[in-house]
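Data block below; observations after.
Bear in mind these aren't lab numbers, they're just calculated from the coordinates by the rules spelled out. Remember, predicted model here, so these are calculated numbers, not experimental data. Positions of Cβ are generated from backbone atoms using ideal geometry, with glycine treated the same way; all protein chains shown enter the neighbour counts.
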């Protein structure tokens, strides 16, 4: 039983390899009557473009989404939304030397272990190329939850050891889009760009952290006991290539807090139940409580480096591997729209699931 | 669409409230012919018992599992395995004062927001009581994956600021079971117990961290691109009450590592492809690579404290809340078998899913 | 991947063998706030009792449903509804002689082929005993769809060659409950009872047909292109033991009709779009059109006969089998509540699914 | 929760409207290593072409399948198989007059009731055009189950009142492909063709029956208690446009049979357990017994007729409708590959599901 569908009611099924003719997907379960803002979708796709400080040799895809169904006269019809994105800038010959070699910390070996053989061109299905499909699903999901006022914002909060420590509430998140590295703080942005340039010269790569917040979430989303908000978000985020960690609210910091410090006290504000602090990250018992949902996620450094590495091939021989092809020093800025997309799909799905929670 | 089932092929569906007549579940998809070791299951359930240093006032359940179906002559038949655990030590009157009050950092408010009303007795469905059902599912899963040699071991690696820093490979994990706080290091164990006693006197509570490792995992488990090993594990673990974070392999530490440091180089050992390091935590591209799978998870401090707290009630009034009832200072030791259970179910499910990966 | 769950949002998971300690199930996805009428559920269970003209030697179960969760102060809470029904009248020794023999047209051989061994007592999981669990699920589903006015009524329209030809619209369906054989026509009922008595003397068994109609179905239920109303109903009904056929609306008769005869013309009646005829059986394009949904289903004769039959055993030997145990001549009257239950669950599920069809 | 996916492990998700740019789908869960015979798939698609005796005005699609992923060097890779079929012969203007009118026995009214508005061009999602996607899924499924020797053969057994009564065992099913009306008997074929021509002149339409048999099914497929072979087949077949009935084995005829007549006696033949008759249609207790699985299905007459019909429009007005556009007199011959496709997908799915039935 394969795993290329995401979501229960709002469901994205994805296909496509890095160097095939096209990638694409089907969104099933989008309610009818949603106005589809194609310009918005185009801008979301744009966000996946590489960082200019590193992109000289990087793949440049136009990433034009072609919608094939489920939309009529500018609105979703309730039928499945099928779409494709052509792979236009494919240089498969770059990968011929990897046909029989397992790159360290890549999926070459495991795909072959699982499936017996693999499409070795550009990482095949394991390429981050597939995340473009997620961004399309996320864009539609954002339009859907946007109708209920929900808003998803992610940004880069750390690259290597350059860390943004300002709390999200004190940042102007509108700045994220203007930053090459998708960090809303100009000064930290510049430091991150410098670090990327420097690391590029070393032929090495960097990891980072993305922070994400969802505002205006209604209380009552989340399906205990297994499909809690944080469980669904964790799955969504940990399914993104290179992610190694996820924490919601206080996260790992909660370990050293006492209950009396960590508890978010309730109060009534403008007739609504709110909390004075938000260590929980907007979820209690797996259900949203109406406060901001926020979380952090860790990305490991890019596995493809421009240095020699010892490795093995499929014949059980030792080989020396030299990094080739087009690769980013740091993918974290490009992962911002993907984190947002996965988050939006989780919330769209949980919102639609919540419609049958109560007798109406 | 509710969320009380876990898994795709090996699937546990759970029911039950803290103060109802019984909790229980159905395991569907366990293959036939598995020898059911009832004594092993009993011991797994035993692990959920409270820590003696804190348990004076805690609920003591015998937690005897009554199997009702799916087992014949000591083996699974392939039919669904139904089971119940009676709730024998129920003191609902302890909770009457909470009928209309929302406890801070509890699920009272969110359940009411979602469902319109709630079973307020003992936390109802949001009680950690439901995790006993998970342990039963996990015990059967352990027996199943045990047939393939896989072994799941979790232990407490931190309580409050008392942290075990020894790498898991240098610990004797057999010691975990003998530790009151489920920490395999005797000295750290003692420190943790002291901290618990001390915090109990303060009327406060503690969080902690659990470390988990799975050994002898065959390569090839995991279903990209959404149901990657780490994604399924993250969902499983983040669905446990009080969990705020999850990291696999290098986790959040990977952020500050370079690619050249983080890459796990392959080599051939005894004719098998292995890695020299294991920062990936046993997964590449979402698929197990045959190395140990290991992860950490953060538990927030228990929400019920024995101190006065300001809160609100369902009528929108401010109230002062005094902690009552039977509660633990730190639930992390009791969560060890739950972490193991969820992990075992993920691996059982991914193992069964992998059976249709290749033409045979 | 086993198959003991039914439904997508309103979902019943079932367990239990004929001669185990209990059967039971979990209903997940029932919205909160539904008033649970326990007396109604008791009456639904009652309908499964055997026909008196044949029941002298039949198993008599009290079939008391014990609800264990998901209901509080008389209403569903949104949590899973767990329940068990004890097996009280079990005579396993009746089946010892079948331990190694495959009864003709029973599931003995196929369960053994599939699972390697089987619980041979009373048919194990293949026994019609499991349908009691469906009736519980169906009773809750009826309460749910009853809130929207929907009403499910099934009756026996044929036993052997005794056939009720009066259209359902001309029958008083209130009479069904008072008929031993669950046929709303008194005269035909008497003929059916005679036929059963007669056939009992022969040691033989009978098949039959059940007709089912759902009234007051809102238009808009059904999920094309695969989960059409008729597809979901067909699956539901064909999953009942002994069912060999299903037809909706004009069914097999439609084969000989011309389009001009078969088309149901629309007209406006009291401001609503209705049809002049209803050959479609209330569905167009897989979606309910607001007219009655009606269908027929065929039950084969009971496989256990009181005559000698040639068969084989698990050692590949020929054996002569003599019918023993407690069995019905005709199970069709007892299947009426099961057909209703499955139908109600399909409609409850499709109703809840429809809540996310349109942007609201 | 929408319904555009079919299957559990071998899963087809479908998209596309009659008059959009393309239709297509994603097959997820096809095991890796399956040799993809593109010429075979082309021939399967060919079978959907219209009957020459009626096709003068019918739509002619080349129906070339473009595979976009999941296949590498001629074999399935285990990744999802995405594909599209362009809509090349679209005449949307033919449908402008139907924008606001509900055609009798079409899905116009119900789609609008469900979704609020509809893509009225050519029936939109409700068009039989979507079945081309099913044929692609079925072709891959046939290749998969073909590896285990299973073979699916369907043919037209009745059109209007012209009925083929010869049992399938006495027919040469190789002849089906050569018959314009997909009936393996030449004489009956000719009668069917005459009837179609005649009915075309009347401006009327015809229904029919399709018979389907699956040979060489291993025993042990099917997942009780809800996902029995016959339940899954019934859902699959009843999800095809215009299907009104399904019966397996003895079907509705079983109603009038006695148990002593209907029971299929076992015997040992060449060391294997076989049955002397096959009224069960190859399933016992919902699990295949190794005998042929066979069933029949009823198709209603085509709804679009070339005669005047009274109807209503969306404004609640009476209108007179004159049939226009390109339509078949009888779609049953074109439905043969669709019945085969759905059947093959059910068996592929149940086969893959069976791989985890037993401990291995």
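Under the √(5λ) rule applied to the eigenvalues of the Cα gyration tensor, what semi-axes describe the equivalent ellipsoid of region D:211-331? Give them in Å, descending. Intermediate results must be reported in sequence, preceding the final value.
On the way: eigenvalues 358, 41, 37 Å².
Semi-axes from the Cα gyration tensor: 42, 14, 14 Å.
May I ask for the distance between the Cα centers of region D:224-285 and region B:218-252, given as a whole number of Å?
Cα centroid to Cα centroid, the span is 43 Å.
Report the residues of region D:275-296 in range of a label on residue D:253: point 7 Å along Cα→C-beta, backbone N strictly under 17 Å from it.
Answer for this model: D:276-283, D:292-296.
Calculate the spin-label point distance for residue B:202 paired with residue A:198, positioning each point 7 Å from the Cα along the beta-carbon direction, and give it in nanometres.
3.9
With a Förster radius of 25 Å, plug the Cβ-Cβ distance of residue C:168 and residue C:269 into 1/(1 + (r/R0)^6) and report the FRET value to the nearest 0.05. Walk me through the intermediate numbers first.
On the way: r = 20 Å, r/R0 = 0.81.
That gives a FRET efficiency of 0.80.
Starting from 0 in steps of 10 Å, tell me what percent of the Cα-Cα pairs of region A:80-197 lands in each bin.
Calculated over all Cα pairs of region A:80-197, the distribution is 11, 25, 28, 28, 9, 0 percent.
Could you list log10 I(q)/I(0) for the protein assembly as shown at q = 0.04, 0.05, 0.08 Å⁻¹, which the Debye formula gives when each Cα is one point scatterer?
Result of the Debye calculation: -0.23, -0.37, -0.98.
Between copies, how far apart are the residue A:177 label points? List them in nm, one decimal, shortest first, with each point 7 Å from Cα toward Cβ, please?
For residue A:177, the inter-copy label distances come out at 5.7, 5.9, 6.3 nm.
May I ask you to derive the relative contact order of chain D, considering only C-alpha pairs under 8 Å and at least 6 residues apart, and to give it as an integer percent? Don't skip to the end; give the middle numbers.
Values: 707 pairs, mean separation 81.0, N = 360.
In percent, rounded to a whole number, it is 23.
Can you tell me the FRET efficiency between residue C:322 and residue C:46 if r is taken as the Cβ-Cβ distance and R0 is 30 Å, rounded to the nearest 0.05? Let's see the in-between values first.
Details: r = 33 Å, r/R0 = 1.09.
Working from the Cβ atoms, E equals 0.35.
Which distances, in nm and shortest first, link the residue B:73 label point to the same label point in every other copy, taking 7 Å along Cα→Cβ?
For residue B:73, the other copies' label points sit at 4.7, 5.2, 6.7 nm, shortest first.
At 7 angstrom along the Cα-to-beta-carbon line, where would the label on residue A:151 sit relative to the other copies? Give the distances in nm, shortest first.
For residue A:151, the other copies' label points sit at 5.2, 5.4, 6.5 nm, shortest first.
Top mean-square fluctuation among A:112, A:130, A:170, Gaussian network model of chain A, C-alpha springs under 10 Å?
Evaluated over chain A, the most mobile residue of the options is A:170.
Compute the distance in nm between two label points, each set 7 Å from the Cα along the Cα-to-Cβ direction, one at residue A:315 and one at residue C:147.
Label-label distance for residue A:315 and residue C:147, simple model: 6.8 nm.
Could you work out how far helix A:131-146 tilts from the main Cα principal axis of chain A, as a 0 to 90 degree angle to the nearest 10?
10
Using all alpha carbons of chain A, what is the percent of pairwise distances in each 20 Å bin, ordered from the shortest bin to the longest?
Once binned at 20 Å, the Cα pair distances of chain A give 28, 57, 15, 0.
Could you tell me the center-to-center distance, by alpha carbons, between region D:119-153 and region B:12-33 in angstrom?
Measuring centre to centre over Cα atoms gives 38 Å.
Over region B:1-51, one equal point on each Cα, no solvent: what is log10 I(q)/I(0) by the Debye formula at q = 0.17, 0.23, 0.29, 0.30 Å⁻¹?
Each listed q corresponds, in turn, to -0.77, -1.13, -1.13, -1.12.
With an 8 Å Cα cut-off and a minimum separation of 6 or more residues, compute the relative contact order for region D:4-159 in percent. Numbers along the way, then the final one.
Values: 229 pairs, mean separation 45.7, N = 156.
Averaging sequence separation for qualifying contacts and normalising by length gives 29 percent for region D:4-159.
Rg and Dmax of region C:247-300, using alpha carbons, in Å: what are they?
That works out to 12.2, 44 Å for Rg and Dmax.
If you rotate chain B onto chain C, whose Cβ in B ends up lying nearest the axis, and how many Å away is it?
B:13, 2
Where in region A:142-162 is the amide nitrogen less than 19 Å from a point lying 7 Å along the Cα-to-Cβ axis of residue A:187?
A:156-162
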